[in-house]
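Everything below concerns the one structure shown next.
The values are calculated or read from the model by the stated rules, or taken from the named source; none is laboratory data. Bear in mind the structure is a predicted one, so any value in this text is a computation, not a measurement. Methodologically, a virtual Cβ is constructed for each residue, glycine included, from the backbone with ideal geometry; neighbour enumeration extends over all protein chains shown. For the accessible areas, the whole protein counts, side chains as well, though only heavy atoms, and no ligand, DNA or RNA atoms are used. Shrake-Rupley method; radii C 1.70, N 1.55, O 1.52, S 1.80 Å.
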Amino acid sequence: MTVAPKREDYDVVVIGAGPAGLAAASTSADAGLSTLLLDENVGPGGQVFRAISSTPVTDRNQLGADYWVGADLVQSLRASNAEVIQRATVWSLDRNLEIAVSIGGASAFVKAKRVILATGALERPFPIPGWTLPGVMTAGAAQTMLKSSALVPDGRTVIAGQGPLLWLLAAQILRLGGRIDRILDTTERGNYFAALPHAFAFLTSPYFTKGLSMMREVKAKVQVVSGVTELAASGDGQLASVSYVAGGKRETIPADLLLLHQGVVPNVNLAMAAGVEHRWDDLQLCWSPVLDASGMSSVTGIAIAGDGAGIGGANAAVVRGRIAARAAVEALAPAAAAKLAPMAALRTELAKAERGRVFLDTLFRPSPQFRIPSGDTIVCRCEEVTAKDVLESVAIGATGPNQLKAYRRTGMGPCQGRLCGLTVTELMAQARGKTPQEIGYYRLRAPVKPITLAELAAVPKTEDDVKAVVRG
Ligand SMILES: Cc1cc2nc3c(=O)[nH]c(=O)nc-3n(C[C@H](O)[C@H](O)[C@H](O)COP(=O)(O)OP(=O)(O)OC[C@H]3O[C@@H](n4cnc5c(N)ncnc54)[C@H](O)[C@@H]3O)c2cc1C
């Protein structure tokens, strides 16, 4: 049975049921605001707490204590008056705060006084030769299968890349009895020195002890090759081997599965399509929304919380969700705000949760060769456009990602630039001797997620809508 929103108008609509969205929806509902939480997945939890209400992995040590924090957040949400709809994909949000959501193949429209975008993060593209071969996938995809179905690799498995998630996944796979043959660590040696000035904050943050024990746990069981400077996947229609260079020496190993990961970046599509201003963040090497201290964006009424506001991790996501919700309560029901945690206390909590982040961003800064490919390496997977194609287009006049769409259809496929946008921006910036900020990003529009033409055609139309099209 398809669930539809109970009302047409809400005080607050929260999009995304990860830590930020769960915390935001509970806070605004508990303050007495009519609150709707929409999320595209079968259950709440987002990325970090994926399948928290249904995971077959019941031994809490296997996924780790941090994962089970999600159970309390879901419980608070369920105890609140928030209306929650899962399997609900938001494909449009406009400046009038009108939201279009696809639920069970039918679209519904709701309006909000405040929208809190908590759409989280995506894995950064990792365009190496052969990354589109069957048998090559992201670490996050493997983790999704592990959390939701307890599936772990059993063939010859190589994990390559860098970042906290890579080590977490490796530990989780080993705890569930999965197989890892080799880890190829691409962390640049120079990053250790560059991160040193930020080490104190990291050493005194919860990340240090957790990270260290996880790396030790994995290194005790798996061969780790550090300082990897080149990577390529090969095979005839299917992954057969992985070759890499470390310490100037090249090696090729057989593999059935290659898991790639080099960090996460904000999921910008819905926010950008709604007109929210974003700026290039040179520390996190991604586009981040321009927000005030309460998460309010350049579009009145739209706030962004969680990793969609810039990568801060799960703990920071929860607090950012509470801050954005508190700001909504202050605006819509000031009297109720008095019962909530003071904004100053929330900001102190956020600063604590973000402690050590700059060290992580500097240490795990992905190397240019793994962000900006060359030659026949595919950049745009949807349209199979290579780095060479992009550079040829620049040579004949393409100045930015939007012109490139006309030349090569990059960013016009089902992923709407999620898997090539950053690469295209950086590749064109390098080719034109400009900054990513100067080159810009794709102009994103609704629908930001694929919906069928039948669903679009079934959308209720006003007299004016019909006239506009007919006259047009
Ligand atoms: C694949 C992946 C795995 C990760 N695993 C971990 C981990 O194990 N541990 C950890 O500490 N950190 C992990 N992270 C980092 C993670 O980003 C943060 O820790 C945390 O989950 C961020 O919380 P959030 O609430 O901002 O967003 P998320 O948890 O990412 O939640 C956002 C939610 O919004 C939904 N959504 C997005 N767009 C729409 C739309 N248009 N319509 C409806 N719903 C939408 C998403 O499906 C998701 O459910 C992972 C990140 C990724 C990308």
Residue in the range 146-161 that is more than 24 Å from Q223 (Cα to Cα) and open to solvent by 40 Å² or more (accessible area, probe 1.4 Å) present: yes
Subset tally (residues that are in contact with a helix residue (DSSP H, G or I) (Cβ under 6 Å, 6 or more places away or on another chain) and either within 11 Å of the ligand (Cβ to nearest atom) or of a type outside the set (D, E, K, R) (or both)) for the range 110-145: 11
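Check D11, D39, D72 and return the single one that is buried (at least 19 other Cβ atoms within 10 Å of the Cβ), more than 9 Å from the ligand (Cβ to nearest atom), charged (D, E, K, R) and modelled with pLDDT of 95 or more. Spell out how you get there, then give the answer.
Working: D39 fails: more than 9 Å from the ligand (Cβ to nearest atom); D72 fails: buried (at least 19 other Cβ atoms within 10 Å of the Cβ).
Testing whether each residue is buried (at least 19 other Cβ atoms within 10 Å of the Cβ), more than 9 Å from the ligand (Cβ to nearest atom), charged (D, E, K, R) and modelled with pLDDT of 95 or more leaves just D11.
Take the residues in the range 319-349 that are without any contact (Cβ under 8 Å) to a residue 24 or more places away in the chain and assigned to a helix (DSSP H, G or I), then tell me which one is farthest from the ligand (Cβ to nearest atom).
As a first pass, look at the range 319-349 and keep what is without any contact (Cβ under 8 Å) to a residue 24 or more places away in the chain: 330, 334-335, 338, 341-342, 344-345, 348.
From the residues that got through so far, the ones that are assigned to a helix (DSSP H, G or I) too are 330, 334-335, 344-345, 348.
Working: E330: 21, P334: 26, A335: 28, A344: 23, A345: 21, T348: 20 Å.
Looking at the filtered set, the residue picked out is A335.
Just checking, which of A316, A303, A232, A273 is closer than 25 Å to P127 by Cβ and within 16 Å of the ligand (Cβ to nearest atom)?
Numbers: A316 fails: closer than 25 Å to P127 by Cβ; A303 fails: closer than 25 Å to P127 by Cβ; A232 fails: within 16 Å of the ligand (Cβ to nearest atom).
None of the others qualify; the one that does is A273.
Would you mind stating whether P460 is part of a loop (DSSP other than H, G, I, E, B) and open to solvent by less than 30 Å² (accessible area, probe 1.4 Å)?
Details: part of a loop (DSSP other than H, G, I, E, B): yes; open to solvent by less than 30 Å² (accessible area, probe 1.4 Å): no.
So P460 fails the test.
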Among (1) open to solvent by 10 Å² or more (accessible area, probe 1.4 Å); (2) in contact with a strand residue (DSSP E or B) (Cβ under 6 Å, 6 or more places away or on another chain), the one test that A324 misses: (1)
Search result, residues across the range 292-319 that are in contact with an Asp or Glu (Cβ under 9 Å, 6 or more places away or on another chain) and either open to solvent by 30 Å² or more (accessible area, probe 1.4 Å) or acidic (D, E) (or both): S298, A314, N315
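With a cut-off of at least 1 residues that are open to solvent by less than 40 Å² (accessible area, probe 1.4 Å) and in contact with a strand residue (DSSP E or B) (Cβ under 7 Å, 6 or more places away or on another chain), name the helices (runs of 4 or more DSSP H) lying wholly within the range 350-432. First the steps, then the outcome.
Values: elements: 357-363, 368-371, 387-395, 401-408, 421-432.
In the range 350-432, the matching helices (runs of 4 or more DSSP H) lie at 368-371, 387-395, 421-432.
Give S298, S288 a once-over and let me know the one that is outside the structural domain of K210 (by TED's automatic domain parsing), of a type in the set (S, T, Y) and either more than 26 Å from V12 (Cα to Cα) or over 18 Å from the mean Cα position of the chain (by Cα) (or both). Don't jump to the end; show me each part of the working.
Values: S288 fails: either more than 26 Å from V12 (Cα to Cα) or over 18 Å from the mean Cα position of the chain (by Cα) (or both).
Residue meeting the stated conditions: S298.
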Number of the condition not met by K249 [criteria: (1) within 16 Å of the ligand (Cβ to nearest atom); (2) farther than 30 Å from E438 by Cα]: (1)
Those residues of the range 85-106 which are open to solvent by 20 Å² or more (accessible area, probe 1.4 Å) and away from the ligand (no atom under 12 Å from the Cβ), in sequence order: D94, R95, N96, E98, G104, G105, A106
Residue within the range 456-472 that is touching a Gly at 6+ places or on another chain (Cβ under 9 Å) and of a type outside the set (A, V, I, L, M) present: no
